[in-house]
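Novice: If you scroll down you'll find the structure; I have some questions about it.
The values are calculated or read from the model by the stated rules, or taken from the named source; none is laboratory data. As the structure is a computational prediction, the values presented were derived from the model and not from experiment. In this analysis, Cβ positions are derived from the backbone assuming ideal geometry, glycine residues included, and neighbour counts consider all displayed protein chains.
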Amino acid sequence: MAMTEDQIRNPEKTLVEPTYSKWDKDRLMQFTPNEFMQKLYHRAKNIGDDLYDDRGYEFITLEPEAYKSALILYMRRRAWSEWYFGTVAQAREITLLPESQVNLKLRLARQIQDEMRHYDVFAQQLRRYGAEPRISEFELPPILIQMQKVQVEAQTASEIAAANQFAGEIVLSSMTDLETSIFKRLFDKELMDAIYDIEKDEPPHIANGRDLILLECETFEDRRRLAEAQEKYLGYMMQLHVTEIVKLGCKRIKPVPIFE
Ligand SMILES: [Fe+2]
Ligand SMILES: [Fe+2]
């Protein structure tokens, strides 16, 4: 996804995204359901493009051991997320959907299978660095607990999607489709190839999110709830991701995106 004109001109400028959950009825209902869904998509995508753009960072040379331990921690967190954010949320979506949504339920089941493969990809990469995912012993950073809480507390399949497929999964797609992706500079080729391999599966997952959002965005209340779930999740996710990138050997030189 291309950056906005404004970002191209001002890569150092703070990205400001609209807080749709605080918008009044007239403003929020001016969109068709499809337009509203696209607004949520672009909000997440702009945030991903901003967070992962290497022009927002300065590089610091780390001792090899410090880099290795930060990388292992990052990959263990990713393995944990593939497992928990890639199975529980989708299983609940399948359960909450009505019988009539057979096709979408099958697509979500297929997603669970993909996410388990992603877990294995990270497990393999960890072994290359002499480590294991050990997700049952993984100590969750407090911010990750907050992210999980947003998904667990979501009450409908659409709301779960707003904090999962239509939030984190959109942001992660910027890891590979951004020309200036910071990960190309922080990871070795084998790990980056593994990330490309995982990201190949993502477009159908984001499409699952799109279709779940479209199922429940007719009313003002629906839209507010979906917007709020996405905002909360993205707000926490930004903090976690910037912290992780910084630990891998850089300094953030522009503010983290904000909702206004
Ligand atoms: Fe995944
Ligand atoms: Fe996925």
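Novice: In the range 69-95, which residues are out of contact with any Phe, Trp or Tyr (no Cβ under 6 Å at 6 or more places or on another chain) and either farther than 22 Å from E231 by Cα or among the charged types (D, E, K, R) (or both)?
Specialist: Across the range 69-95, the qualifying residues are S69, A70, L71, L73, Y74, R77, A91, R92, E93, I94, T95.
Novice: Go through the range 178-200 and count every residue that is surrounded by fewer than 17 Cβ atoms within 10 Å (Cβ to Cβ) and either at positive phi or within 16 Å of ligand 2 (Cβ to nearest atom) (or both). Step through it out loud before you land on a result.
Specialist: Let us first name the residues in the range 178-200 that are surrounded by fewer than 17 Cβ atoms within 10 Å (Cβ to Cβ), namely 179-180, 184-185, 188-190, 193, 196-197, 200.
Then drop every residue that is not either at positive phi or within 16 Å of ligand 2 (Cβ to nearest atom) (or both), which leaves 196-197, 200.
Total meeting the criteria: 3.
Novice: While we're on this one: Would a scan of the range 212-220 turn up a residue that is crowded, with 19+ Cβ neighbours inside 10 Å, part of a helix (DSSP H, G or I) and touching a residue at least 40 places away in the same chain (Cβ under 8 Å)?
Specialist: yes
Residue-by-condition table, conditions (1) aliphatic (A, V, I, L, M); (2) within 16 Å of ligand 2 (Cβ to nearest atom):
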residue	(1), (2)
Q30	no, no
R43	no, no
D49	no, no
E58	no, no
T61	no, no
P64	no, no
L73	yes, no
S81	no, yes
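Novice: Sticking with this structure for a sec: If we keep just the residues of the range 53-98 that are of a type in the set (S, T, N, Q) and within 15 Å of ligand 1 (Cβ to nearest atom), which is farthest from T156 (Cα to Cα)?
Specialist: Filtering the range 53-98 down to residues of a type in the set (S, T, N, Q) leaves 61, 69, 81, 87, 90, 95.
The next check asks that each one be within 15 Å of ligand 1 (Cβ to nearest atom); those that pass are 81, 87, 90.
Values: S81: 21, T87: 16, Q90: 11 Å.
Per the criteria, the residue is S81.
Novice: If you take just the helices (runs of 4 or more DSSP H) that sit entirely in the range 1-68, which of them hold at least 3 residues that are of a type in the set (S, T, N, Q) and at pLDDT 95 or above?
Specialist: Numbers: elements: 5-9, 25-28, 33-51.
Here the list reads 33-51.
Novice: Continuing with the same structure: Of everything in the range 108-143, what is among the β-branched types (V, I, T) and either over 23 Å from Q239 (Cβ atoms) or within 16 Å of ligand 2 (Cβ to nearest atom) (or both)? Give them in sequence order.
Specialist: Looking only at the range 108-143, we keep the residues that are among the β-branched types (V, I, T), and these are 112, 121, 135, 143.
Residues satisfying the conditions are I112, V121.
Novice: Is at least one residue of the range 221-233 surrounded by fewer than 16 Cβ atoms within 10 Å (Cβ to Cβ) and of a type outside the set (V, I, T)? Even if it seems obvious, please write down each step before you answer.
Specialist: First pass over the range 221-233, keeping only residues surrounded by fewer than 16 Cβ atoms within 10 Å (Cβ to Cβ): 221.
From what's left, of a type outside the set (V, I, T): 221.
Checked against the condition, which is being surrounded by fewer than 16 Cβ atoms within 10 Å (Cβ to Cβ) and of a type outside the set (V, I, T), the range 221-233 yields at least one hit.
Novice: Let me ask something else about it. Kindly indicate the residue of the range 148-158 that is in a helix (DSSP H, G or I), under 19 Å from I112 (Cβ atoms) and of a type outside the set (S, T, N, Q) and also nearest to ligand 2 (Cβ to nearest atom) among those meeting that condition.
Specialist: Residues of the range 148-158 in a helix (DSSP H, G or I): 148-153, 157-158.
Still in the list and also under 19 Å from I112 (Cβ atoms): 148, 151-152, 157-158.
Filter once more, keeping what is of a type outside the set (S, T, N, Q): 152, 157.
Working: V152: 18, A157: 16 Å.
Once the filter is applied, the top-ranked residue is A157.
Novice: Moving on to the next point. Looking at this structure, is A167 within 14 Å of the chain's Cα centre (by Cα) and within 14 Å of ligand 1 (Cβ to nearest atom)? So that I can check it myself, show each step before the final result.
Specialist: Numbers: within 14 Å of the chain's Cα centre (by Cα): yes; within 14 Å of ligand 1 (Cβ to nearest atom): yes.
When the stated conditions are applied, A167 passes them.
Novice: With the condition kept exactly as written, say whether any residue in the range 187-204 is in a helix (DSSP H, G or I), touching a Phe, Trp or Tyr at 6+ places or on another chain (Cβ under 8 Å) and over 17 Å from Y74 (Cα atoms).
Specialist: No: zero hits.
Novice: Name the one entry in G209, G235 that is closer than 20 Å to Y84 by Cα, of a type outside the set (A, V, I, L, M) and within 16 Å of ligand 1 (Cβ to nearest atom). Please lay out each step first, then the result.
Specialist: On the way: G235 fails: within 16 Å of ligand 1 (Cβ to nearest atom).
Answer to the selection: G209.
Novice: Check off (1) under 19 Å from the mean Cα position of the chain (by Cα); (2) within 16 Å of ligand 1 (Cβ to nearest atom) for Q125 and give me the number that stays unchecked.
Specialist: So the condition that Q125 fails would be (1).
Novice: Among the residues of the range 149-158 satisfying the criterion of being over 10 Å from R92 (Cβ atoms) and buried (at least 24 other Cβ atoms within 10 Å of the Cβ), which is farthest from ligand 1 (Cβ to nearest atom)?
Specialist: That would be S158.
Novice: Something else now. Name the single residue, out of those in the range 99-118 being surrounded by 12 or more Cβ atoms within 10 Å (Cβ to Cβ) and of a type in the set (D, E), that is nearest to ligand 1 (Cβ to nearest atom).
Specialist: E115
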